[in-house]
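Each remark here refers to the structure printed beneath this line.
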Amino acid sequence: MQNGRIEGFLNGNENCNYDVYIGQSRAMGIVSGASRGNLIVDYIPDWIEIHKGDKVFTSGLDGIFLENIPVGVVENVRENYGYLSVEVKPYASLGELSYVWIIDRETPQLNVLQDEKVIGAPKQSCA
């Protein structure tokens, strides 16, 4: 929320950073921007093997996206000062936005006024 309005960022925006898993080994990395229509994933440990064609999915560990949302496919791998960076061709075209999904992961709370005190109901999980 920014000034009472929902604020969202598209893939490739410098403010759009989230964790992903890459390939069968589920190597972790962070989407950190875009270049030539591809997403850039940085901070992948350099001892893990990443190959062109590996599939990239959200990890769900950052609390931003749910786990296993398909992001794209690895196009290029390069070493970058002790870690790996990869270019990922996104499944969704960055230039052809037709709709977006907004997922509210907050658990609703019920507040009850009683004798001028606000009592919050305990948070419950949604199934």
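The values are calculated or read from the model by the stated rules, or taken from the named source; none is laboratory data. Everything numeric here is computed off the predicted structure, so don't read it as measured data. For neighbour counting, all protein chains shown are included, and Cβ atoms are generated from backbone atoms with ideal geometry for every residue, glycine included. These accessible areas exclude ligands, DNA and RNA; they are computed on the full protein's heavy atoms, side chains included. Shrake-Rupley method; radii C 1.70, N 1.55, O 1.52, S 1.80 Å.
Here residue 26 sits with roughly 100 square angstrom of accessible surface, probe radius 1.4 Å. Ordering 81, 18 by accessible surface, largest first, gives 81, 18; the 1.4 Å probe counts only protein heavy atoms, with every chain in place. Which residues does a label at residue 9 reach in the stretch 60-78, if reach means a backbone N under 15 Å from a point 7 Å past the Cα toward the Cβ? Answer for the stretch 60-78: 62-65. Between residue 30 and residue 61, the simple spin-label model (points 7 angstrom out along Cα→Cβ) gives 1.2 nm.
Which order do 9, 57 take when ranked by solvent-accessible area (1.4 Å probe, heavy atoms of all protein chains), largest first?
Result, largest first: 9, 57.
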